[in-house]
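Written below as structure tokens is the structure these notes are about.
No value in this document is a laboratory result; all are computed from the given coordinates. Only a predicted model underlies this, so the values are computations on that prediction, with no experimental measurement involved. FYI the Cβ positions are ideal-geometry reconstructions off the backbone, even for glycines, and counts take in every protein chain you see.
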Amino acid sequence: MKVLDSDFAKSFAKLANDGFIMGYHERNGGNLSYRIPKESVEAVKEELDYSKPFADIGTAVASLAGEYFMVTGTGQYFQNVLERTEETSGIIEIDSTGTKYRIVWGFSGGGRPTSELPSHLMNHEVKMLATNGKHRVIYHCHPANVIAMTFLLPIDDKIFTRELWESMTECPMIFPSGVGVIPWMVPGGREIAVATSEKMKKYDVAIWAHHGIFCSGDTFDSTFGLAHTVEKSAEIYIKVRSVTDKKLQTITTRDFIALARDFGIDLSEEMLK
Ligand code: 2HA
Ligand code: ZN
């Protein structure tokens, strides 16, 4: 089978396009990666080319040795992923030590994987181990309201989680463990990758101050849906804050406890204190 005919490549490109339509990806902002299941790699094997050299990842991800990922390319625009998937994106194979990768498909114009590859791979490793292999998608985007929130609130997981949960009733059901927030850091390096992966041990969403969202999920739909929900809730927070800094009423701790009981969700205790 051709890569472009596979369900995973179609869903990958669709997510990129959906994110662009939502306004989360100005210019070359954002990046996406997917840990491809073994059987899907087998299905497209005829198109994979093993002649390219291995390059350093910039960090070590031993548990990902031998895994394949579909990733967006550095400098590429999400706007173009749907129409020009093979040029804007590629498939990489991780070597047996988990320190190197090689391109086996795509990046047809001579491109390379996203500048955030170390963050993506370290977080794939954390989430793969934490979810028994269920999580396969890591998505990073630049939605305006989440970024705006990071100028208004202390960089604190509980404060952000509570504001986001309170802004829209579905939120605690969609991210019951809450969100992590990390202070501004230089993008693309090991430091932001390590700080993010510490948060992702506990959460499925990390907010990068003045930068964007980094999130993880099992399917393309649920991962995009998670980013979309966090951003929608942030938009409501910003609308409210734009009018007043005092809420007349909100969803209370007791309400969250009632919600958790009736819907059988395991809400983080820490966020309810
Ligand atoms: O431009 O979003 O964080 C790609 C990015 C880097
Ligand atoms: Zn970014």
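Report summary: the helix-based calculation at 222 nm, which adds -39500 (n - 2.57) for every DSSP H run with n ≥ 4 and divides by the residues of the chain, gives -11500 deg cm²/dmol. Centre-to-centre separation between the Cα atoms of the range 184-213 and those of the range 118-148: 9 Å.
Just to be sure I understand: of the beta bridges DSSP finds with both ends in the chain, what percent are antiparallel, rounded to 5? So the antiparallel bridges amount to about 90 percent of the total.
For the pair K134 and Q249, label points projected 7 Å from Cα toward Cβ lie 3.5 nm apart.
With the gyration tensor restricted to C-alpha atoms of the range 196-273, the semi-axes of the equivalent ellipsoid amount to 23, 20, 13 Å, longest first. Listed by chain and number, the lysines placed with their C-alpha closer than 25 angstrom to that of K199 are K100, K127, K134, K158, K232, K273; residues fewer than eight positions away on the same chain are left out.
Near I57, the amide H atoms lying under 5 Å from its own belong to K100, Y101; only residues 5 or more places off or on other chains count, and H is placed 1.01 Å from N. Rounded to 0.05, the FRET efficiency of the K14 and R241 pair, given R0 = 45 Å and the Cβ-Cβ distance, is 0.85. At a Cα cut-off below 19 Å, give the lysines reachable from K45, other chains included and same-chain residues fewer than 8 away excluded. Within reach: K2, K10.
Screening the chain for whole DSSP H helices with an alpha carbon extent of at least 30 angstrom along the helix axis and a mean Kyte-Doolittle hydropathy of at least -0.5 yields 220-243.
Please label the shape of the range 1-142 as rounded, prolate or oblate, based on the square roots a ≥ b ≥ c of the eigenvalues of the alpha-carbon gyration tensor (a/c under 1.5 means rounded; beyond that, a/b larger than b/c means prolate, else oblate). Rounded. Shown here for the range 214-273: GluC sites (Glu not before Pro) in loop regions (DSSP other than H, G, I, E, B) with at most 13 other Cβ atoms within 10 Å, of which there are none.
Annotation: peptides 40-52, 240-252, 106-118, ranked by per-residue average of other Cβ atoms within 10 Å with the highest first, follow the order 106-118, 40-52, 240-252. Potential lengthening of the chain between R261 and E191 amounts to 21.3 nm, from the contour at 0.36 nm per residue minus the alpha-carbon distance. Taking the Kirkwood radius as Rh and the Cα radius of gyration as Rg, the chain has a ratio of Rg/Rh equal to 0.99. Annotation: extensible slack from S222 through E269 equals 14.6 nm (criterion: 0.36 nm per residue apart, minus Cα-Cα distance). The range 66-104 and the range 225-273 have Cα centres separated by 36 Å. Shape call for the range 9-57 from the C-alpha gyration tensor, a ≥ b ≥ c root eigenvalues: rounded (a/c under 1.5), prolate (a/b greater than b/c) or oblate? Oblate, since a/c reaches 1.5 and b/c is not below a/b.
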